[in-house]
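Structure, as structure tokens:
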Amino acid sequence: MKLIATLLMITSAFAAEQSGFDKATLEAYLRHVELWVPGVGVKIDDAKDSKELPGFLDVTIHLSYNSTTLPDQHYYMSKDGKKIFRADVYDINKSPFQATIDKLNVVGAPSLGPANAPVTIVVFSDFQCPMCKQEAEVIHKEITTAFPTQVRIYFRDFPLESLHNWARPAAVAGRCVYKLNPAAFWDYHDWIYENQTYIGLDNLNSKLQEFATAKGIDGMQLARCIESKATDPEVKGSMAVGTSLSINSTPTIFVNGRRIEGAAPWENLQALIKLEIDHQSKAAALTSKDDSCCTVTIPKLVK
């Protein structure tokens with residue numbers, strides 16, 4: 001089995017090499033096209049046969065700037081290495097957003113709503129982000145009131161550390177609250193956004209103790225969890241999911257895999273949710289449709 005895997009790797013690498021694929025040439029070309037400044041670090045993976053688009057190669061490019069990891073860039077390349085392009089590839093037998101859905105890992109994420117809801121919303125947010133504060137009320141209050149049984153919401157941390165100095169500590173604290181009392185997470189979610197303008201890196205811990213006291217959470221346990229960064233791996237994992245989806249702003253919301261960037265007005269989000277509910281209902285009806293309408297039955301004396 002190992003020999004087969006090794007041979008496949010060698011074959012794939014040989015195919016890419018034979019294609020005329022040259023990393024230095026590709027980097028120089030993309031720097032020119034995309035206007036990446038000299039300080040942007042570029043690391044290009046080996047080209048691989050594309051699973052989504054047979055006959056082409058997949059090329060993933062990792063970018064960084066000032067020690068900050070930037071969203072990966074994905075390109076398709078012709079086998080001869082002369083043509084590159086970016087595109088969405090759809091399989092009409094699957095959701096048009098299946099590739100995104102496959103990456104939306106929500107294991108262990110705080111959630112609201114029934115598990116069998118026809119609409120799943122995944123929110124990537126930053127507790128220090130003003131636009132996230134604006135969207136938080138829509139996500140937690142409007143949606144759960146209008147669609148109590150039809151939507152399941154998952155919250156994923158994506159603190160923008162280069163812009164917000166207390167966003168990651170607040171994310172760690174939020175996961176600590178969830179760890180100590182899962183039901184209290186959404187109280188924390190609402191509280192921190194409501195008090196966002198009164199919180200800073202200098203008073204975050206004292207404010208968190210005020211929250212713990214008000215909600216009956218053990219302040220000492222919460223402080224230990226925050227100080228030891230016990231939940232930082234969970235925050236890091238959530239950020240990794242966001243990075244794999246090329247998220248670079250918050251809030252970023254996924255409605256059954258459909259991406260929405262920025263604070264979406266409630267009217268727009270409500271219309272989209274209704275559209276998704278209707279679509280899922282029709283899809284389910286088609287899947288379970290009785291095919292007797294399309295079957296010719298020959299009359300017989302004895303069945």
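Exactly one residue out of PHE97, PHE56, PHE21 is of a type in the set (Phe, Trp, Tyr), surrounded by 13 or more Cβ atoms within 10 Å (Cβ to Cβ) and free of Cβ contacts under 8 Å to residues at least 24 places away in the same chain: that is PHE56. Screening ILE199, ILE226 for residues that are crowded, with 21+ Cβ neighbours inside 10 Å and in contact with a helix residue (DSSP H, G or I) (Cβ under 9 Å, 6 or more places away or on another chain) leaves exactly one candidate, ILE226. Going through (1) open to solvent by less than 60 Å² (accessible area, probe 1.4 Å); (2) closer than 25 Å to ALA240 by Cα; (3) not β-branched (Val, Ile, Thr) one by one, LYS179 falls short only on (1).
Would you be able to say whether some residue in segment 64-72 is open to solvent by 70 Å² or more (accessible area, probe 1.4 Å), at positive phi, in contact (Cβ under 8 Å) with a residue 12 or more places away in the chain and of a type outside the set (Ser, Thr, Tyr)?
Taking segment 64-72 first, the residues open to solvent by 70 Å² or more (accessible area, probe 1.4 Å) are 65-67, 69.
Then drop every residue that is not at positive phi, which leaves 66-67.
Applying the additional criterion that residues be in contact (Cβ under 8 Å) with a residue 12 or more places away in the chain yields 66.
From the residues that got through so far, the ones that are of a type outside the set (Ser, Thr, Tyr) too are 66.
Within segment 64-72, one or more residues are open to solvent by 70 Å² or more (accessible area, probe 1.4 Å), at positive phi, in contact (Cβ under 8 Å) with a residue 12 or more places away in the chain and of a type outside the set (Ser, Thr, Tyr).
Looking at segment 200-236, which of the residues that are in contact (Cβ under 8 Å) with a residue 60 or more places away in the chain and out of contact with any strand residue (DSSP E or B) (no Cβ under 6 Å at 6 or more places or on another chain) is farthest from ASP72 (Cα to Cα)? Break it down into steps so the answer makes sense when it comes.
Step one: of segment 200-236, the residues in contact (Cβ under 8 Å) with a residue 60 or more places away in the chain are 232, 234-235.
Keeping just the survivors that are out of contact with any strand residue (DSSP E or B) (no Cβ under 6 Å at 6 or more places or on another chain) gives 232, 234.
Working: ASP232: 23, GLU234: 21 Å.
Step by step, filter segment 200-236, then rank; the result is ASP232.
Scanning segment 125-134 for residues that are out of contact with any Gly (no Cβ under 8 Å at 6 or more places or on another chain) and either within 24 Å of ALA240 (Cβ to Cβ) or not in a helix (DSSP H, G or I) (or both) returns SER125, ASP126, GLN128, CYS129, CYS132.
Looking only at residues of segment 156-166 that are surrounded by 24 or more Cβ atoms within 10 Å (Cβ to Cβ) and of a type outside the set (Lys, Arg), we find that the one that is farthest from the chain's Cα centre (by Cα) is PRO159. When segment 102-124 is filtered for residues that are in contact with a helix residue (DSSP H, G or I) (Cβ under 8 Å, 6 or more places away or on another chain), assigned to a loop (DSSP other than H, G, I, E, B), open to solvent by 30 Å² or more (accessible area, probe 1.4 Å) and closer than 18 Å to TYR178 by Cα, the ones remaining, listed by number, are ASN105, GLY108, GLY113.
Using the structure shown, decide if VAL89 is closer than 25 Å to GLY262 by Cα, in contact (Cβ under 8 Å) with a residue 24 or more places away in the chain and not polar (S, T, N, Q).
Answer is yes for this residue.
The values are calculated or read from the model by the stated rules, or taken from the named source; none is laboratory data. Bear in mind the structure is a predicted one, so any value in this text is a computation, not a measurement. Here the Cβ is made from the backbone with ideal geometry for all residues, glycine too, and neighbour counts use every protein chain on show. Side chains included, ligands, DNA and RNA excluded: accessible areas come from the protein's heavy atoms. Shrake-Rupley method; radii C 1.70, N 1.55, O 1.52, S 1.80 Å.
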